[in-house]
Amino acid sequence: TAAALAYGMDKKRGDQTLAVYDLGGGTFDISIIEIAEIDGEHQFEVLSTNGDTFLGGEDFDMRIIDYLVDEFKKDQGFDLRNDPLALQRLKEGAEKAKIELSSSQQTDINLPYVTADASGPKHLNIKLTRSKLESLVEDLVVRTIEPCKTALKDAGIDASKIDEVILVGGQTRMPKVQEAVKGFFGKEPRKDVNPDEAVAIGAAIQGGVLGGDVKDVLLLDVTPLSLGIETLGGVMTRLIEKNTTIPTSASQVFSTADDNQTAVTVHVLQGEREQAGANKSLGRFDLSDIPPAPRGVPQIEVSFDIDANGILNVSAKDKATAKEQSIVIKASSGLSDDEVDRMVKDAEAHADEDRKFHELIGARNQADSMIHATKKSMEELGEEKLEAGEKEAIESAIKDLEEVMKGDDKDAIEAKTKVLAEASGKMAERLYAEKGADAEAAAADSGATGSDSAPDAGGDDVVDAEFEEVKDNKN
């Protein structure tokens with residue numbers, strides 16, 4: 001984003017799509033960025049990112065070092081890998097040679113007194129050509145192409161639709177790298193942006209935007225993965241979807257899953273899997289001192305807020321007491337680009353499995369809600385008001401349902417839930433009629449405690465085995 005800012009501030013008007021190819025000292029990143037001119041202002045939106053966190057200029061240096069060590073061993077019979085001081089000098093010499101070969105066809109690596117043995121000091125003097133260097137690092141250059149393909153696919157565009165390619169990072173000065181970029185994107189990368197200065201210039205502009213000093217630029221980065229919380233049965237409930245433009249916020253109101261529950265745990269997750277355990281845990285915190293009440297009554301608002309710096313703030317607030325707890329999660333959450341890519345591919349590979357898992361947990365939660373509502377209705381109505389054989393039929397249906405809930409047969413759980421609904425239907429109707437005859441205040445109170453035993457009594461989706469979903473509100 002910073003490199004695109006450095007490029008886009010003083011260039012031609014109109015909409016453009018850029019590819020920022022960033023090959024630095026330790027990592028490689030590729031970003032597809034759209035620059036739109038809206039009412040005279042520049043809007044920068046990151047369409048996709050990808051990369052390799054284990055590929056950078058240092059890997060190119062190591063190829064030269066390994067070559068020098070092997071050549072020296074052939075000539076002198078001495079392995080410089082056993083000499084830490086020699087290796088440090090080799091590293092400096094390799095980096096210098098690599099830089100020189102970006103503008104020259106050949107260079108000499110001359111390290112006098114690089115080491116010594118019983119016979120005396122030893123000197124290293126080896127010629128290295130650009131063609132030899134390119135053969136040593138060819139596979140490293142090729143490794144940058146696959147992330148470029150993935151980034152274009154994620155952005156939903158073809159390489160031919162890229163208007164400009166910006167190079168960032170000192171390693172992009174290497175002619176072989178520039179050739180590979182030109183070959184893939186089909187156009188010459190821009191040379192008017194200094195690879196070493198682009199990010200610094202753009203970061204300064206971005207600082208001005210965030211500080212309010214620069215008014216005509218709008219930064220639109222995206223969340224690389226979905227963010228949410230763990231729900232009953234180990235399901236992830238998403239609050240912010242993957243590739244949502246930041247800054248953004250989302251909130252959702254939940255409730256307790258058990259009667260007289262006084263605390264809940266909010267487990268924050270990042271990932272694309274339906275199963276909470278298959279996603280990355282970002283942190284967790286407890287909200288305690290919730291006033292005891294029947295399940296479904298307390299209202300706990302969970303809010304996610306991501307600022308322009310990518311910092312996530314998660315809070316949980318009990319609406320009755322205004323008591324609140326929160327956690328702050330720093331930008332990137334420790335996930336590298338390849339980890340993000342792996343998690344997305346993992347979710348795609350397990351899509352069918354996750355769908356079945358989600359349906360199974362939904363059936364279990366529905367069954368649990370039905371059992372709870374039925375037992376509560378029996379208690380409120382009183383056994384003396386049950387018809388002959390009705391109590392036995394209901395208890396038998398509850399027992400059968402609890403038994404199948406231990407297994408993984410969704411259809412069996414749904415079938416037994418239906419049996420319980422039918423067995424308790426008349427009882428629920430009588431209880432409803434009885435409650436309807438009470439005063440309006442009593443009726444409102446009974447509604448809040450969940451005396452209506454309708455099968456979907458609001459307890460279908462429960463967070464972290466302690467919440468149930470009430471409603472949601474996204475911004």
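The values are calculated or read from the model by the stated rules, or taken from the named source; none is laboratory data. Please read these numbers as outputs of a predicted model, since none were measured by experiment. Please note: Cβ atoms are built from the backbone with ideal geometry, for glycine as well, and neighbour counts cover all protein chains shown.
Structural remarks
- Candidate set: the stretch 210-243, residues that are in contact with a Gly (Cβ under 7 Å, 6 or more places away or on another chain) and assigned to a strand (DSSP E or B); chosen: the one modelled with the lowest pLDDT: Asp221
- Any hit, the stretch 184-191, residues being modelled with pLDDT of 75 or more, more than 28 Å from Glu58 (Cβ to Cβ) and either within 23 Å of the chain's Cα centre (by Cα) or part of a loop (DSSP other than H, G, I, E, B) (or both): yes
- Residue check, Thr49 buried (at least 19 other Cβ atoms within 10 Å of the Cβ) and over 44 Å from the mean Cα position of the chain (by Cα): no
- Contacts under 6 angstrom Cβ, first residue in the stretch 152-175 being under 11 Å from Ile33 (Cβ atoms), partner among the basic types (Lys, Arg), 6 or more apart: Glu164/Arg190; Ile166/Arg190
- Residue match in the stretch 423-438 (condition: at pLDDT 70 or above, part of a loop (DSSP other than H, G, I, E, B) and not β-branched (Val, Ile, Thr)): no
- Taking first residues from the stretch 415-427 that are within 10 Å of Ala393 (Cα to Cα) and partners that are among the hydroxyl-bearing types (Ser, Thr, Tyr) and crowded, with 16+ Cβ neighbours inside 10 Å, the Cβ contacts under 9 Å between residues at least 6 apart in sequence or on separate chains come to Leu420/Thr374; Ala423/Thr374; Ser424/Thr374; Ser424/Ser377; Ser424/Ser453.
- Residue in the stretch 344-362 that is over 22 Å from Ser226 (Cα atoms), surrounded by fewer than 17 Cβ atoms within 10 Å (Cβ to Cβ) and modelled with pLDDT of 85 or more present: no
So that you can scan it fast, the table gives a plain yes or no per residue for (1) of a type in the set (Gly, Ala, Ser); (2) under 20 Å from Leu140 (Cα atoms); (3) at pLDDT 90 or above:
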| position | (1), (2), (3) |
| --- | --- |
| Gly57 | yes, yes, yes |
| Asp79 | no, no, yes |
| Gln88 | no, no, yes |
| Lys96 | no, yes, yes |
| Leu101 | no, yes, yes |
| Ser104 | yes, no, no |
| Asp108 | no, no, yes |
| Ala116 | yes, no, no |
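- Lys391 falls short on exactly one of the conditions (1) surrounded by 13 or more Cβ atoms within 10 Å (Cβ to Cβ); (2) not hydrophobic (A, V, I, L, M, F, W, C); (3) not in a helix (DSSP H, G or I), and that condition is (3).
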